[in-house]
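Read the structure below first, then the notes.
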């Protein structure tokens, strides 16, 4: 009798699981196809009808990318710029969020609205003004031109502020009674409680900057300072030569770091977003 009841409970779960597996495979198919195509012979890139698996596994397509371009330099430039923006920007973002959420001073609501207003302004509307400022500071063709403007993170301030508003003030009062300074309250009490939300903002900022193409296109002129998105432009020549395999090999290489970052932080994403819900 118990076995029959157990089987009856399992049946309703079986169909949703099958549906989820089906859609999971469906969503992964483009990735698998791109990976398989990156290992084809160049002449097989545009074969019709296309075959899912390569006729010959050409791992040399990946080494060809590194031989043809300074791909490691592009990769390093993107990694360095992105991690500096995420680390330094997150420090500034959490400090601003703590001040708005937990400190009392005149005009903090206006400052918060002023920061959030940055979400409403597209980059294209102030790109010329920003370029003139960078030119005046002699930062054109410098990685600092890609780092400094992007340390500000209005959306991150918004998310983390909502999370910090949900932390009971009694924790902060207890820390102050124990002799903690304002910085120690921020660093040792409030910040550890916001780790999931901070990871969410770090992840979103990382993806934004890793895929940033417009800013490097405007500010960077020297090839040795190209980011990965700019370096990928160099692969367009392979398309005219009829080799989609080389292009997709470059794409697969560019996905390594985002995949590692996502694998590390994915368990915090749902929790972080739920903790950053709106607080009055």
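Find the residue count for region 84-105, including only residues that are surrounded by 16 or more Cβ atoms within 10 Å (Cβ to Cβ) and free of Cβ contacts under 8 Å to residues at least 24 places away in the same chain.
Here the count works out to 1.
Take the residues in region 173-184 that are assigned to a helix (DSSP H, G or I) and without any contact (Cβ under 8 Å) to a residue 24 or more places away in the chain; name whichever of them is surrounded by the most Cβ atoms within 10 Å (Cβ to Cβ).
Step by step, filter region 173-184, then rank; the result is 175.
So which of 156, 118 is under 21 Å from residue 88 (Cβ atoms), part of a helix (DSSP H, G or I), at pLDDT below 90 and under 24 Å from the mean Cα position of the chain (by Cα)?
118
Any idea which of (1) farther than 18 Å from residue 116 by Cβ; (2) more than 17 Å from the chain's Cα centre (by Cα); (3) not in a loop (DSSP other than H, G, I, E, B) is the one residue 206 doesn't satisfy?
Result: residue 206 passes all but (2).
For every residue, the table says whether it meets (1) assigned by TED's automatic domain parsing to the domain that holds residue 163; (2) at pLDDT 95 or above; (3) part of a helix (DSSP H, G or I); (4) in contact with a strand residue (DSSP E or B) (Cβ under 7 Å, 6 or more places away or on another chain).
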{"residue": "40", "(1), (2), (3), (4)": "no, no, no, no"}
{"residue": "56", "(1), (2), (3), (4)": "no, no, no, no"}
{"residue": "88", "(1), (2), (3), (4)": "yes, yes, yes, no"}
{"residue": "110", "(1), (2), (3), (4)": "yes, no, yes, no"}
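Given the options 124, 73, name the one that is at pLDDT 85 or above and within 22 Å of residue 213 (Cα to Cα).
73
Residue pairs, Cβ under 8 Å, 6 or more apart or interchain, first in region 201-212 and in contact (Cβ under 8 Å) with a residue 40 or more places away in the chain, second part of a loop (DSSP other than H, G, I, E, B). List them.
201/153; 205/153; 212/227
Working only within region 195-232, note down all residues that are over 21 Å from residue 72 (Cα atoms) and surrounded by 19 or more Cβ atoms within 10 Å (Cβ to Cβ).
196, 197, 198, 199, 200, 201, 202, 203, 205
The values are calculated or read from the model by the stated rules, or taken from the named source; none is laboratory data. This one's a predicted model, so the numbers in the text were calculated from it and none came from an experiment. All Cβ positions, glycine included, derive from the backbone under ideal geometry; neighbour counts span all protein chains shown.
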